[in-house]
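Undergrad: The following block contains the structure, expressed as structure tokens.
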Amino acid sequence: MATKAVNGRSKDVTTADLTDQIEVLRDDISSLTQTIADIGKAKGAEATDAAKAKAAELRDRASATAEAARGQAAQLQGQANDFIRDQPATALGIAAGIGFLVGYMGRRN
């Protein structure tokens, strides 16, 4: 039989006492395990929500950037059309020069 000191006095520890203490420990461990699992689930849900929010933010930014790029492209196309309409000979000369350069570069390789 084991002896246990309780409040400065020694007391004999029985098998029933040890069994009760082990059962209490099991319950505590079970409770801790459940608490840790709940915290893990909550953190996982928080991480998922944060990732979804970030993805939505990035999608919105990309959409705004794409819209701005489309607007700039349309503006440049309009300027090019105006230039061609106002100065067709110059535009034809530039196009011929670019075509010559591309042909020359392609032939070199």
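The values are calculated or read from the model by the stated rules, or taken from the named source; none is laboratory data. Just so it is clear, the structure is predicted and the values come from calculations on it, not from any experiment. Cβ coordinates were reconstructed from backbone atoms using ideal geometry, including for glycine residues, and neighbour counts include every protein chain displayed.
Undergrad: Looking at region 5-17, which of its residues are surrounded by 10 or more Cβ atoms within 10 Å (Cβ to Cβ) and either at pLDDT 90 or above or among the charged types (D, E, K, R) (or both)? Explain how you work it out, then say what you get.
TA: Kept after step one, since they are surrounded by 10 or more Cβ atoms within 10 Å (Cβ to Cβ), are these residues of region 5-17: 11, 13-14, 17.
11, 17, listed by residue number.
Undergrad: Against the definition (under 21 Å from the mean Cα position of the chain (by Cα), part of a helix (DSSP H, G or I), of a type in the set (Asp, Glu) and modelled with pLDDT of 90 or more), how does residue 49 come out, yes or no?
TA: Answer is yes for this residue.
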